[in-house]
Every structure is written in C-alpha cells, then in structure tokens.
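Down below is the structure, laid out as structure tokens.
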Amino acid sequence: MLGMALAALDGTILSTAVPQIVGDLGGFSVFSWLFSGYLLAATVTLPLYGKLSDTFGRKPVLITGIVLFLIGSVLCATAWNMGSLIAFRIVQGLGGGAIQGTVQTIAADLYPLKERPKIQAKLSTVWATSSIAGPAIGGLLAGYADWRWIFVINLPVGALALYLTVRHLHEPGRDASTAARTKRGPRSSGGPRPRNRPRVDWAGALAVFATGTLLVTALVQGGVAWPWLSVPSLALLGGTALLAVVTFLVERRAAEPIIPGWVWRRRPIAAVNLALGALGLLMIAPTVFLPTYAQSVLGLGPIAAGFVLSAMTLTWPISAALSDRVYNRVGFRRTAITGMSLATLVLLAFLLLPFPGQAWQPALLMLVLGAGLGLFQLPLIIAVQGTVGWSERGTATASILFCRQLGQSVGAALFGALANGVLTNRLADAPGSGLPGDLDSVAHALDDPGALTDRAADFLRRAVDSAVDSVFLGAAVAGALCLLVLLFVAPRRFPVHPEPAPDPTPDAAPGAAPDAAPNARSQKTPGPPADTA
C-alpha cells in the first residue's frame, strides 16, 4: 500500500502546484508534458514489467520500480528548467509503471480468491485518499514552502516501502512455479541439471515500447499541440501502424514474447481487456470534464469542484470491498454487468441535470457512479487473475491495466475533440465578438468575472454545459459498448486455476499461509467452483 501510494499521490499532488512551477522554471507551452510524460512512461512499460515479474519474480520488479521512482523524485527536486523536469518525470513514470502492475499482481499472489476483494479494496482506498489529499498537499507545499518539496516528501514514504518490501515480502508461489517448470535430472557428473536460464524478449520489449510511445504521444498531443489532420499527427499515427506490424512479427517469432498471443486468444482475458479499455475511456468524463463543469457552470472554486469529483472515490472502494458478496452469489460476469449498467444509467442521468443546478446534484451522481464502477472493475480483475497460474499472472494483470490506461488516452483525445467541436458550434451563434474559441479558454474567461458581460457569461456557461453533456453522452455510449462485450464476448463462467498447495519450506513467510491455502473445491477439479459460476 505504501508503494502504491507513491504512484497514486504523484498523479494528483502536482496539479495545484503548476502555476508555481511555471513561474519558477518557465515553459508554460509545454507544462502539460509534466503529466503526459509520466502517463506515457507508466503506460508503455506495463507489458514489459508484467512479463519480467512472471520471469524473475514480483519482488525484484517492485524493488526496481520503487528505486526508479525515488531516483526520479530526487532528480525532479533538482530540476533547473521545464525540459529537465519533464525528463525526470518520465524517469518517475518508468518506476510508476512497475509499481502499478506489480502491486496488483502481488495482491493476487498473497491472498486466495475469497480474500482478494478486501485487499484490493484497501489498494483502491489508497487511490481514493490520494485523489482527495493530493491537490490539498500540493497546494500547501507550493504556497507555503516550495514546489520542490512535492518530490522530496516521496523519499521517506518510498524508503519505508522499500524496507518493508525487502524485509517482509516472500514469494512462495514463485518457488513452486519455478520448481514445476524446471527440469532436473542426472548430469554426466551425477549432479542435478542447472535450472533453465530465463530469457527476456528484449527486441519485443523495444518494439512494444516504441509502438506505445508513438501511439500515446499521438493521442495526448493531437488536437492540443497540433491539429488532428496535421503532419505531426498523421506521421505519429502512421508510424504507430508500421511499428504495430513490426511488433506483431517480432512477438510471433519470440520464444517468450512480452505480449504473448494467449492474452487475446483466451476469451476471459480478451473480454476483460476490452471491457477495461471501455472503462478507461468513459472515466475521462468525470475525472477530466466534471471539474470544468463544476467551476464554469456551477461557479464553484477549485477545492469545492475537487470535492464534487471526490464523491466517486468514497463509494468506489466500499462497493469493491463488498463485491465478493455479490459475485459469490451471481458470478463475476453478472456482477460486472450490474455495476456497468448502474454506471451507464448515471452517465445518462447527468444529461438531465438542470441548468445551472446545485453542487449536491452532480456529487450525488458521482456517489452512485463510484458504487457502480466498484462492482464492475474489481470482480473482473479478480476473475482474470483467478484464471491463470503464478507464471502468467503478471502478464495477464499488466495487459488489463495497459488496456485501461490506453482507453484513458483514447478517451482524452476523443472527448476533448468532441467537447471542443460542440463548443465551436454553439459559439457560432454567440452574442458579440471576441469570445474564446475552445474549452480551456472559455473556462479561463469565466474565471475572470469582469472580462465578460452578464449575457456573454451566461451564454458561455450554457455552451460549456452542452459540451460537457455531449462528453457524458459519449461516456454512456462507451458504457453500453462495454455491456455488449460482457454480454456477448465474456464467458458465462470464468474458469478458476487451481491454487498451489501449502509451501512446507521452513523459510516461508509467516504471512504466506493464506496464499498457500488451497480452495478445497479447486483441489478436486480445475473447473469453476460454484461461487464463481
């Protein structure tokens, strides 16, 4: 949880300190790369870290991720200009990618199927707490100390997380899996054969990294730094398509590919990949556009707007923690369908909010949305982790997290273009001239009450309301597509991989017993037990 807190807090703590950072280092035109660079590095490295954790174990990958993150934090605190800070944020992202995927996998390794919702809900609580506390801490440090302390405070948290990982994390599942895959027999000298040396597909890793880098860069910068139909966008998208073909050919020939074909050939994993990709896409509506709606339409301040959004993070972990009581009765698939159906209805209900409305109305919708998404996401993650053994769990977990974050990048690009398109059409009928022409400019204009007449301000607020409504409608469509995937692609029953027998070795961790304790029913048959049907 401490390791996860590093990555979770760093995603929110920086947002309120941007004015101070830009004022000190300059580089206003490229400051968005403080977030895009981190997201890029964390996203494209997820498949690599997943494969490495299956090959060498979770512990060394997690330790490497924490160390990289702390090195990046130290470098960020010493940045001398915006370019250096962006570069060091990418180093942080390289560590953050290892932390995100590996922590989720370790949770599945250390806890049996029935206990995983509780620990996963605790990890969700880390994200919820960070989303609420991060902006406040960042604003306090930037306003009353120095923005560099935002990165310095990572060091004691990371050091403690590193110590606890090195000292207390044991992997009995890895030992059992390695022993099962290792061939032993008499050599010419009469001794045992050496273990097979693990092979890493570095060519495939480089191809996946390059393809993901071009794709995420095109999605993040398209329509922002340059128009979608400009030469840079077309070049990046064309390069992505070319590298995707190269990656397919490289991975097809690799003995141990970074993204193995079974990730998409197995129906349960492929369905969850698509469903989590749709989740990432629809999450852009509340996380990116709801704060703009709260400030520009409702007239709330940044802190109050943040609290409207944080309502979702209050119910999400609670719903996730209680989801096992649902899927143990009706199954993973039906639980996820119930959660996404509720979320889709909430997204559609946003269109019915009155103008300008009250702050409690979207906050109430966010409470219900968090409850629905908690029922949706966690059962699917647990279902996928339950279908694979230790040697495939890291790759499977990384694949669904990668699809979710890729969906967020696609959603940011798609919904950003949609919102600005609707806003442009509304501004064509604007009273007077000289009004701003995009969503960001409109939001800044509405923050300055003396810059607009009452009539122009009201018109702009209604235009923003229409633009955000279109985004939530698009998010509801993404939710509907997700439901179609669950109904027609996801299997009715998720198969359950038998859990390993208890590790009798004396050096096993005292806390390893729950991991080793098998489900009695899964010992008898590898098929799905009744509680996951």
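When residues in the stretch 230-265 are screened for being under 25 Å from residue 203 (Cα atoms) and surrounded by 18 or more Cβ atoms within 10 Å (Cβ to Cβ), 12 of them pass. Is there a residue being outside any helix (DSSP H, G or I), of a type outside the set (Phe, Trp, Tyr) and either assigned by TED's automatic domain parsing to the domain that holds residue 101 or free of Cβ contacts under 8 Å to residues at least 12 places away in the same chain (or both) anywhere in the stretch 354-370? Looking for residues that are outside any helix (DSSP H, G or I), of a type outside the set (Phe, Trp, Tyr) and either assigned by TED's automatic domain parsing to the domain that holds residue 101 or free of Cβ contacts under 8 Å to residues at least 12 places away in the same chain (or both), one finds at least one in the stretch 354-370, hence yes. Taking the criterion of being touching an Asp or Glu at 6+ places or on another chain (Cβ under 7 Å) and either closer than 23 Å to residue 140 by Cβ or buried (at least 24 other Cβ atoms within 10 Å of the Cβ) (or both), the residues of the stretch 1-58 that qualify are 54, 58. The residues listed here are 239, 280; of these, the one that is assigned to a helix (DSSP H, G or I) and assigned by TED's automatic domain parsing to the domain that holds residue 334 is 280. Here residue 419 clears all of (1) under 30 Å from residue 114 (Cα atoms); (2) buried (at least 24 other Cβ atoms within 10 Å of the Cβ); (3) of a type outside the set (Phe, Trp, Tyr) except the condition numbered (1).
Scanning the stretch 99-115 for residues that are under 13 Å from residue 399 (Cα atoms) and not polar (S, T, N, Q) turns up just one, 101. Hey, can you tell me all the residues within the stretch 266-300 that are in contact (Cβ under 8 Å) with a residue 40 or more places away in the chain, closer than 25 Å to residue 466 by Cβ and not hydrophobic (A, V, I, L, M, F, W, C)? Within the stretch 266-300, 280, 286, 292, 293, 295, 296, 299 qualify.
Conditions (1) among the aromatic types (Phe, Trp, Tyr); (2) at pLDDT below 90; (3) under 26 Å from residue 468 (Cβ atoms); (4) in contact with a Lys or Arg (Cβ under 6 Å, 6 or more places away or on another chain), marked per residue:
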site	(1), (2), (3), (4)
316	yes, yes, yes, no
325	no, yes, no, no
341	no, no, yes, no
393	no, yes, no, no
403	no, no, yes, no
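The residue that is farthest from residue 350 (Cα to Cα), among those in the stretch 283-301 that are among the small types (Gly, Ala, Ser) and in a helix (DSSP H, G or I), is 296. Within the stretch 134-160, the set of residues being of a type in the set (Lys, Arg) and more than 24 Å from residue 66 (Cα to Cα) is empty.
Select from the stretch 99-118 the residues that are assigned to a helix (DSSP H, G or I) and over 16 Å from residue 8 (Cα atoms) and list them in ascending order. Correct list: 105, 106, 107, 108, 109, 110, 113, 114, 115, 116, 117, 118.
If a residue has to be part of a helix (DSSP H, G or I) and either basic (Lys, Arg) or free of Cβ contacts under 8 Å to residues at least 12 places away in the same chain (or both) to count, how many in the stretch 130-148 make the cut?
Residues of the stretch 130-148 that are part of a helix (DSSP H, G or I), as a first pass: 130-144.
Adding the requirement that they be either basic (Lys, Arg) or free of Cβ contacts under 8 Å to residues at least 12 places away in the same chain (or both) leaves 140, 144.
Summing the residues that are part of a helix (DSSP H, G or I) and either basic (Lys, Arg) or free of Cβ contacts under 8 Å to residues at least 12 places away in the same chain (or both) in the stretch 130-148 gives 2.
Going through (1) closer than 20 Å to residue 51 by Cα; (2) free of Cβ contacts under 8 Å to residues at least 40 places away in the same chain; (3) under 25 Å from the mean Cα position of the chain (by Cα) one by one, residue 240 falls short only on (1).
The values are calculated or read from the model by the stated rules, or taken from the named source; none is laboratory data. Just so we're clear, the structure is a prediction, and the values are computed from it rather than from any experiment. Reconstructed Cβ throughout: ideal geometry from the backbone, glycine too, with neighbour counts over all protein chains shown.
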